[in-house]
Structure formats: structure tokens, C-alpha cells
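Novice: Questions regarding the structure given below will be posed in turn.
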Amino acid sequence: MSELHLAVALDGAGRHPAAWREPGARPAELFTARYWADVVTEAEAGLLDFVTFEDGLALQSSAAAEPDARTDRVRGRLDAVLTAARIAPLTRHIGLVPSVTATHTEPFHVSKAIATLDHVSRGRAGLRVQTSGLAHEAAHFGRREFPVPVGELAGEAADHIEVVRRLWDSWEDDAEIRDGSTGRFIDRDKLHYIDFTGPHFRVRGPSITPRPPQGQPLVTASVGAAAPRAGLLDLVYVTPRDLEEARAATAVLPLPPGPRHVFADLTVFLDTDGAAAAARRDRLDALAGPEGGAYGPDTAVFTGTPGDLADLLQEWQGTGLTGFRLLPGVIAHDLPAITRGLVPELQRRGAFRRAYGAGTLRGLLGLDRPANRYAADPAA
């Protein structure tokens, strides 16, 4: 069996709504660069492939389709792309994958932001695309009426990704000459109009940012009715509840030929024994109130030891999953349990790397650097 790939989803103090009340959760620092630097550094110490940064266009809510008025939950986030850019110079190996809502964000802006992140991180950037059909989020922008059909959201996200990818290729790799003696900084023939016209966007290009070091930073999204087509993605996230659902998820995804990744999302509460992990989760549920077990999007919840989790990951890997995005119930507790408990256990089994072996995020995931679609030489 091949080695596993592991990522961690970072959001506030953790996935559980009462995580911010746990010892060590640092609620006063959740909106500081120091906090995010510390948690990403911990993830990198565990040799994880990448971290995702959650984001949204409205305050978090306990209700699925509308804002709430709760004051006992973490509310507010830093901008995911800007946070990743701030952390990039402080890390060396781990991938940085901020979330962006394609529904209300122009693809031109996203393309140059992620390209910039890839330059700043020297090839470790990715993008997690999400959509929004919520009227109260649309009200922040006032550009169109909501709700809209789910299929329209998915189609818009697909066009969004296509525009972003074309803009990344709109500069050839050797478009920059930088020759002071001749006074030529760029070769204008190697900057390309993308001339994209579709039902949602009309974008001429080229980008204002040179082609990213990876050529194409990693593009990821969760599977769902409003998600973009899987064929546009380098990696998809699925949410199986058990082994059978994991088999079903990997069987039906319409992935194109070539290397692609399917990661399962899994919320985790880890401790030295299963009873302690269960007791901690129960205590957090009691603090959170009657709906304390509702941790947001639909993921399975694992409660147990790092060794038990390693057993489950390897069993699910046999269904065709290539990796897992773990959502720590409490970052202060469960992230170190992943990096210092789960990772060493997987290493003992020969199922996880013992050192970073590539300099880019695509390299860590075994993905080639794509050729530029506009280059005269296809190998360029």
C-alpha cells in the first residue's frame, strides 16, 4: 500500500463550537499572525502535505442558511489568502491552501492573489474553491438576486476555475527578460490574451502577475451539488461516513486520466485512550449546548487514539482514497495529537514520509508541473 497524504483544516480554535473555551485554545490570539504561525509551524513539524484555511463571506452561524445571534461561539475570521501569505515566509515545506468563495469573487483577483502566494512561498500555494447560495452573503455585494439554481452556482465555479487557470498560463515561463543592458524587461510576445467568454465571465487578460512557480498551483474543492466539475480539479474532498461510503465516493467520481487525489474529510478528537477522548468530546458537547454535536459541514467524527485512527485511515485508503484532510476538534489539543501521535504511528507502519522530499506542493503530491497552454513550444 502506498504512503498516505495528510492535510489539516484550520479554522479558529478548532472544529468544535466550544473549542475556544478549552485550556490552551488562545481565544485572545485567534486574530493574530502569531497564532496562525504557531499552528502552521506545528503542522509542518508533522510533515503534513498542506493546511487549508477556512473562510467565508459572512459571520459563522449555527444555522445552515441564515445568520444567528449567538455570542457563545467564535465569530469572525482573518482573510484566508492574506493569512497564508503572511505565514508563507515563516515556513519552508508545507503547502498553503486558502479557501475562496468563487460565487462573489472575481477570478482575475483570485488568480493574481494565488499566483502571488505561490511566488512568496516558492511553489507551495493551492486554492480551495467554494460556492455560496446564501442570500445574506449575496447582500454584502448587491450585484444579483439570490437564491439562484444550484446548477448555476456549479457552472459559475467551473468557469471561475477555467479563467483562473488560463490567467496563470497567460505569462510564459520565460516572458521576463530583465536585461538592463538592452532595456528589455519582458518579451511582450510571451504574454497572452486569454479572451475567455462564457455565461458568467468575460475576461481578456493577460494577468498582471508572472506565471506561478508551480505553473498551476493546486486547485481543490469539496464534492457536492454546487461544486465545480471534478475534472477541473487536482484534488477533491469527499465526506464518507464509513467504509462503504468511502468505497462509493471513490467509485463514482468522474476523474480524468492521470494523477489526481481524493481526500476524505474527517473530524477528529484524539487522546491517549478512547475513553479520555470520548469524555473530552462529551464535555465539549455539554458546553456547546443542545446542538453541541453539530460541527458544521457533514463529516464523519472520529473519537479515539492515534493508533485507532491510523487503523481507520489505512482501512479507508484501501477504497482508493489517496489522503485525508483532518479537522481537529480542538486545534490546541488535536493538532499536536496528529503531528506527535498519529504521524509517528503511521511512520512506524511505513505509511507516511519521514522527511519532506519535494520543494513544491505539487511535488509533494506527486503531480507534474503542467505545460503552458499558450506556449509555442509545448514543453515550455
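Any read-out appearing in this document is the output of simple, stated calculations on the displayed coordinates, not a laboratory observation. It should be emphasised that the depicted structure is a prediction, and the values quoted were computed from it without experimental measurement. For neighbour counting, all protein chains shown are included, and Cβ atoms are generated from backbone atoms with ideal geometry for every residue, glycine included.
Novice: Can you put LYS112, LYS190 in order of Cβ neighbours within 10 angstrom, beginning with the fewest?
Specialist: Numbers: LYS112 17, LYS190 21.
In increasing order of surrounding Cβ atoms, one gets LYS112, LYS190.
Novice: Classify the stretch 64-179 as rounded, prolate or oblate from the Cα gyration tensor: take a ≥ b ≥ c as the square roots of its eigenvalues, call it rounded if a/c is under 1.5, otherwise prolate when a/b beats b/c and oblate if not.
Specialist: Values: a/c = 2.88, a/b = 1.46, b/c = 1.97.
Note, shape of the stretch 64-179 comes out oblate.
Novice: Here's a follow-up. Counting other beta carbons within 10 Å of each residue's own, what order do ARG260, ARG241 fall into, fewest first?
Specialist: ARG241, ARG260
Novice: How much length would be gained if the chain were fully extended between LEU59 and ALA276, taking 0.36 nm per residue of separation minus their Cα-Cα distance, in nm to one decimal?
Specialist: That pair, LEU59 and ALA276, stretches by 74.9 nm at full extension.
Novice: To make sure I understand, if each residue's beta carbon is the centre and we count other beta carbons within 10 Å, what order do TYR374, TYR356, TYR193 fall in, fewest to most?
Specialist: Listing TYR374, TYR356, TYR193 from fewest to most nearby Cβ atoms yields TYR193, TYR356, TYR374.
Novice: Further question on the same structure: Between the alpha-carbon centers of the stretch 223-243 and the stretch 260-332, tell me the distance in whole angstrom.
Specialist: Rounded to whole Å, the Cα centres lie 19 Å apart.
Novice: Express the relative contact order of the chain as a whole percentage, based on alpha carbon pairs under 8 Å and six or more residues apart in sequence.
Specialist: Once divided by the residue count of the chain, the mean separation gives 23 percent.
Novice: Counting only the backbone N, which residues of the stretch 144-176 are under 16 Å from the spot 7 Å out from the Cα of ILE186 toward its beta-carbon?
Specialist: 166-176, by backbone N distance to the label point.
Novice: Given +1 on the Cβ of Lys and Arg, -1 on the Cβ of Asp and Glu, and no further charges, what dipole in debye does the stretch 5-364 carry about its Cα centre, rounded to the nearest 20? Walk me through the numbers before you get to the answer.
Specialist: Details: 39 positive and 46 negative charges, 163 e Å.
Using Cβ point charges on Lys, Arg, Asp and Glu, the stretch 5-364 gives about 780 debye.
Novice: Something else about it: Which value, to two decimals, describes the C-alpha radius of gyration of the chain once divided by 2.2 N^0.38 Å?
Specialist: Here the Cα radius of gyration is 1.00 times the empirical estimate.
Novice: Helix by helix through the chain, keep the DSSP H runs that span 20 Å or more along the axis on Cα and average at least -1.0 on Kyte-Doolittle, and give those back in order.
Specialist: Membrane-span-like by this criterion, though nothing is claimed about a membrane: 107-121, 150-168, 274-288.
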